[in-house]
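A.B. asks: Have a look at this one.
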Amino acid sequence: MIYKIFRTPEWQALRADETTLGAPIDLADGYIHFSTAGQATETAARHFAGVEGLWLIGVEDAAVADNLKWEVSRGGAKFPHLYAPLRLDQVAWAQPLPLIDGVHEFPAGLR
């Protein structure tokens, strides 16, 4: 499973359009940034600190395997990058990522 953090308008757009090229950073970089379970909390802290209205999207990596590349990024770690639009039918689940006392509350088992 790989994970994408979307702001509410980005998640709503994916639901309405049934496909997305991602957030502005994804459009600028030419691929959709994902994180592993172990990387998602740091991604939230670094790139979404203090941001409310986030959604955590879970995608089975097998569902996007044909266009998924694992590339070295932050601190030499490999991150999953999707070089194709993400389709709504590839999303396994989505849930709010609430901000509690200034920290995003991730699902149990994903920390």
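A.B. asks: Taking residue 1 and the conditions (1) modelled with pLDDT under 95; (2) hydrophobic (A, V, I, L, M, F, W, C); (3) in contact with a helix residue (DSSP H, G or I) (Cβ under 9 Å, 6 or more places away or on another chain), which numbered condition does it fall short on, given that it satisfies the others?
C.D. replies: It fails just one condition, (1).
A.B. asks: Considering only residues that are not aliphatic (A, V, I, L, M) and not in a loop (DSSP other than H, G, I, E, B), look in segment 79-92 and name the one that is farthest from residue 27 (Cα to Cα).
C.D. replies: Among those that are not aliphatic (A, V, I, L, M) and not in a loop (DSSP other than H, G, I, E, B), it is 89.
A.B. asks: Out of segment 42-66, which residues are closer than 22 Å to residue 90 by Cβ, charged (D, E, K, R) and either out of contact with any strand residue (DSSP E or B) (no Cβ under 8 Å at 6 or more places or on another chain) or touching a residue at least 60 places away in the same chain (Cβ under 8 Å) (or both)?
C.D. replies: The answer is 61, 66.
A.B. asks: Considering only residues that are more than 20 Å from residue 24 (Cβ to Cβ) and either of a type in the set (A, V, I, L, M) or assigned to a helix (DSSP H, G or I) (or both), look in segment 46-66 and name the one that is modelled with the lowest pLDDT.
C.D. replies: Step by step, filter segment 46-66, then rank; the result is 61.
A.B. asks: Among the residues of segment 24-36, write down those that are more than 18 Å from residue 94 (Cβ to Cβ) and part of a helix (DSSP H, G or I). It would help to see each step written out before you state the result.
C.D. replies: In the first step, residues of segment 24-36 are kept if they are more than 18 Å from residue 94 (Cβ to Cβ); the result is 24-25, 27-31.
If the condition is that a residue be more than 18 Å from residue 94 (Cβ to Cβ) and part of a helix (DSSP H, G or I), then 24, 25, 27, 28, 29 are the ones that fit.
A.B. asks: I'm checking my understanding of the structure. Among residues of segment 1-18 that are over 13 Å from residue 106 (Cα atoms) and among the charged types (D, E, K, R), which one is surrounded by the most Cβ atoms within 10 Å (Cβ to Cβ)?
C.D. replies: Of all residues in segment 1-18, those over 13 Å from residue 106 (Cα atoms) come to 1-2, 6-18.
Next, from what is left, pick out any that are among the charged types (D, E, K, R): 7, 10, 15, 17-18.
Details: 7: 16, 10: 20, 15: 13, 17: 11, 18: 12.
Applying the filter and picking the extreme gives 10.
A.B. asks: Quick test for you: out of 39, 12, 95, pick the one residue that is assigned to a helix (DSSP H, G or I) and either in contact (Cβ under 8 Å) with a residue 24 or more places away in the chain or β-branched (Val, Ile, Thr) (or both). Lay out the reasoning, then the answer.
C.D. replies: Details: 12 fails: either in contact (Cβ under 8 Å) with a residue 24 or more places away in the chain or β-branched (Val, Ile, Thr) (or both); 95 fails: assigned to a helix (DSSP H, G or I).
Checking each option against the conditions leaves just 39.
A.B. asks: Could you run through segment 67-78 and say how many residues are out of contact with any Asp or Glu (no Cβ under 7 Å at 6 or more places or on another chain), assigned to a strand (DSSP E or B) and without any contact (Cβ under 8 Å) to a residue 12 or more places away in the chain?
C.D. replies: Result for segment 67-78: 3.
A.B. asks: Within segment 19-36, work out how many residues are surrounded by 13 or more Cβ atoms within 10 Å (Cβ to Cβ) and either touching a residue at least 60 places away in the same chain (Cβ under 8 Å) or at positive phi (or both).
C.D. replies: First, pick out the residues of segment 19-36 that are surrounded by 13 or more Cβ atoms within 10 Å (Cβ to Cβ): 19-23, 26, 31-36.
This time we only want the ones that are either touching a residue at least 60 places away in the same chain (Cβ under 8 Å) or at positive phi (or both), so: 19-22.
So the count comes out to 4.
A.B. asks: Please enumerate the residues belonging to segment 37-66 that are crowded, with 17+ Cβ neighbours inside 10 Å, farther than 12 Å from residue 110 by Cα and small (Gly, Ala, Ser).
C.D. replies: Residue satisfying the conditions is 44 alone.
The values are calculated or read from the model by the stated rules, or taken from the named source; none is laboratory data. Computed from a predicted model, the values in this text were never measured in an experiment. Counting neighbours? That spans all protein chains shown, and the Cβs are built from the backbone with ideal geometry, glycine included.
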